[in-house]
Every structure is written in C-alpha cells, then in structure tokens.
Amino acid sequence: MYDVIIIGAGLSGLTTAYSLNKKGINYKILEARDRPGGRINSLDGPLEMGATWLGGQHTHLLQLLKELEVEVFPQHTEGKISYEVSAYQDIQYFDFPPGQAPSYRIKGGSTQLIQSLVDHLPKGSITFNAVVTNINDCGNSIEVKLRDSSSFEASKVINTIPPQLTIQQVEFNPTLPSEQVAIMEQTHTWMGESIKYGVSYAKPFWKEKGLSGMAFSQGGIIQEVHDHSNFEQNYYALKGFLNPNLVQKGEEGRKEEVINTLVRLFGHEANDFLEYSEHLWANDPFTSIKGSINVVPHQNNGHKLLREEAFNGKLIFSGTESSLAYPGYMDGAVFSGLHTAQRVLEQYQSAPES
Ligand SMILES: Cc1cc2nc3c(=O)[nH]c(=O)nc-3n(C[C@H](O)[C@H](O)[C@H](O)COP(=O)(O)OP(=O)(O)OC[C@H]3O[C@@H](n4cnc5c(N)ncnc54)[C@H](O)[C@@H]3O)c2cc1C
C-alpha cells in the first residue's frame, strides 16, 4: 500500500510528487498516456504543441524553474506585426505596442521543466499507460482501479485529471456530492478545444523582411501566428492557433490552408517549409471530454468546490483548474501542486502516532 497515489503526471501531479519526494513520502504516480507532461508537449525543435508562454506575474512557476535551474528567454517580438482582415484585402502592418509586459519561453522547450521534475524522482515513480477508471473508498484506504482491471491501494489519493474529464472518465464509490459533480462538469479545461500548429523553415525569412513573425488573421483558418525559433537560433518556425471549428477538416486540408495563409501574411517563401505539425486537443482523450458541454473560457476555474476533499479527506482534487492562483495556466498547475503537497504533509504531521 502507498501513502499517496497521484493520478496524472502533468505539471501539477509532478510538482506534488517533487515536493512529497523531498519529505520521504512513499507515493506512486498513475499516468494514462505513455509520456509525462499532459498539456505540456514539446516536439523536436523544440516546437510546442501545448503550453508555451509565461510572464513575470507567474511567480510560483518562476520560482520552481529557478530551483530546477531551467532557464527562460523572451519571446521574439521585434519587427512588424501582420494583420489580415480577410483573404481578399491587403495585409496591414503594425508596430508592437510599446509598454507591453514581455512574455517568456522555456529554453529547450516547456518539456525541459517536465523532464527536470521527472529526473528528480526515483526511477519507477510513474506507471505509464495506467488509465484510471474507478476510485473506491475502502474505509481506512482508497482503491484506484485501472482500465486493465489492475488496482492500487493508498492512504490518500490526489486526482489531477481536469475536472470535466474526471466526471466523464472516473466512477466514484460512494458517489461525490451532486453540487461538486455539477461544478466539475461545468468547468472549462483550459485550451482543451484548441488546435495548435507549427511550421518549420530552413531560415527565418520573415525577420529578413523586418517582420516579427507575429500575425493575427480574421480571414479564415489561422487565428494567431508567433515566431517560434529556438533560443540558440538554429531552428526556425512559425507557430500558433487555428480556428477550433476546423476539427472536422482533415490534416492535409488544414495544412494547405495554413501554408496559403502564411504566404499571404509573410510572403511566397512560406511555401518552402520543412515540416508541418499540429495537435487537436479536442480529440485528445486524456485532456478533453467526448462530445461537448457548453462552457465559456475559464468557466469555474479556481472554484472552491474543485478543491473540496472527499472520502473523509482521503481524496484530494488538484490540477490547474482547481488552483487559487492563475487557474488554467502553468503557474496554476505549479501552485495547485505545491498547495496540495502542503495539505498532505500537514495531514501527516497532525495524524496521531499509531
Ligand atoms: C494548446 C495549449 C496551450 C497552452 N498554452 C499555455 C501557455 O502558453 N501558458 C500557460 O501558462 N499555460 C498554457 N496552457 C495550459 C497548461 O498547459 C496547463 O495549465 C498545465 O499544463 C496543466 O497541468 P495539469 O497537471 O494541471 O493538467 P494536465 O497537464 O492536463 O495533466 C493531467 C494528467 O492526467 C492524465 N490523465 C487524464 N486522464 C487520466 C486517467 N483516466 N487516468 C490517469 N491519468 C489521466 C493526463 O494524461 C495528464 O498527464 C496551454 C494548454 C494547451 C492545451
């Protein structure tokens, strides 16, 4: 039996594990995917398919990065911003507005943070391909069952699966209070509907034309573009978000429209790309629910019922959507991870000697 089972090896679950590990608590992380990181996923390059930017206000994340000696660098913004009203009108060009707070990226990709956390945990701390389906209160302990019918037992369980997905994927016995279930069902999974794409190039041709690589379009498929060259300046890419309604269109169709739009925004050189990548988070079974429940961005993020304990305090809900600070963001994931570890440690310290 474990002291603690953490469900989910995303930033929140790993931050909790990192904190508990320092205090010698015996834990196990159960992760449904075959990789850690959840909504953080850097491809080669590194090209971010998930979380990318942070700001000076994200103090919990910055402190963790500092402790782990993972460095950041400013997002490239020098040069003109391109703006397309429609595919039939000329592109307009703007200067970056002065006085904007800078945003930063993680050197080597956001996955560096995840890898550093994993490297601080003993080998074997995470069981991958472990899809949790049931959480049962057994009185003095909790049983966690997986899709393959295997099960684990612990004194405490920390769940970091996004709240909406938790309700769709996991059966609780006894059931959770209906008020808590209703809030969890109506909680937006931050960026869960987004389509992220990236296109790599042999050289940063946009910079050579005095363009920043930043663009906004109301003309169709592309919503935003940003320069995504790496810190070392030996990998060049443009990256951004597509219109989320394009989930049904095939990858080839999206790719063709993306390249056509990039040609309009930055010039014919955009045709000579090396690689096109994309990730449809709405179709990702370990981030987004099947079907849709209408919620607006950030709906119920940070709601107190998302942190409500169950099963007499043995079951703790965590993860960025539950966070008191910057819910939805990486900073929220770190805050919730640290806060949850603190709650567990306090409960251990106040428990009577047996
Ligand atoms: C496209 C996109 C762009 C983003 N951009 C930014 C950004 O620029 N800046 C920023 O601050 N934030 C950004 N975010 C948000 C950021 O990624 C999240 O705040 C953070 O990664 C959440 O961490 P988490 O651990 O709380 O949740 P998750 O990363 O979702 O982790 C939950 C974990 O639970 C696992 N899991 C799910 N179901 C099960 C199951 N049944 N059994 C076991 N495990 C399960 C998942 O596989 C996952 O690893 C972005 C997110 C996306 C999707």
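Read-outs: derived from the displayed coordinates by stated rules, not from any lab. Just so it is clear, the model here is predicted, and its values are computed rather than measured. A quick note on method: Cβ atoms are made from the backbone with ideal geometry, for glycine too, and the neighbour counts reach across all protein chains shown.
Considering Cα pairs under 8 angstrom that are at least six residues apart, work out the relative contact order of region 114-213 and quote it in whole percent. Here the relative contact order equals 19 percent.
Within the shell of other residues whose beta carbon sits under 13 angstrom from the beta carbon of LEU65, the net charge comes to -1, with Lys and Arg scored +1 and Asp and Glu -1. Electrostatic tally near TYR83: other residues with Cβ closer than 12 Å to its Cβ, Lys and Arg +1, Asp and Glu -1, net -2. Going from the fewest other Cβ atoms within 10 Å to the most, the residues PHE311, PHE317 appear in the order PHE311, PHE317. Above 35 Å lies some portion of the pair distances; for the chain, what is it as a whole percent of all C-alpha pairs? Summing the P(r) tail past 35 Å for the chain gives 27 percent.
For the listed peptides 275-281, 82-88, 92-98, a ranking on the average number of other beta carbons within 10 Å per residue, highest first, reads 275-281, 82-88, 92-98. Calculated mean residue ellipticity, 222 nm, the chain: -7500 deg cm²/dmol, from DSSP H runs (n ≥ 4) at -39500 (n - 2.57) each, averaged per residue and rounded to 500.
Shown for the chain are the DSSP H helices of 24 Å or more along their axis, judged by Cα atoms, with a mean Kyte-Doolittle hydropathy of at least -1.0: 330-350. Equivalent ellipsoid of region 1-40: semi-axes from √(5λ) of the C-alpha gyration tensor, largest first, are 18, 12, 6 Å. In region 161-298, Cα pairs under 8 Å separated by at least six residues give a relative contact order of 34 percent. Once each part is reduced to its C-alpha centroid, what is the distance from region 30-62 to region 76-117 in angstrom? If we compute the Cα centre of each part, the gap is 17 Å.
Pairs with C-alpha atoms separated by more than 25 Å, drawn from the list LYS80/LYS249; LYS23/LYS123; LYS156/LYS196; LYS209/LYS239, are LYS80/LYS249; LYS156/LYS196. With Cα atoms defining each centre, region 156-205 and region 291-354 are spaced 13 Å apart in the structure.
Taking other Cβ atoms within 10 Å as a rough exposure proxy, TRP206, TRP190 sort from fewest to most as TRP190, TRP206.
As a length-normalised measure over Cα pairs under 8 Å and 6 or more apart, the relative contact order of the chain settles at 22 percent.
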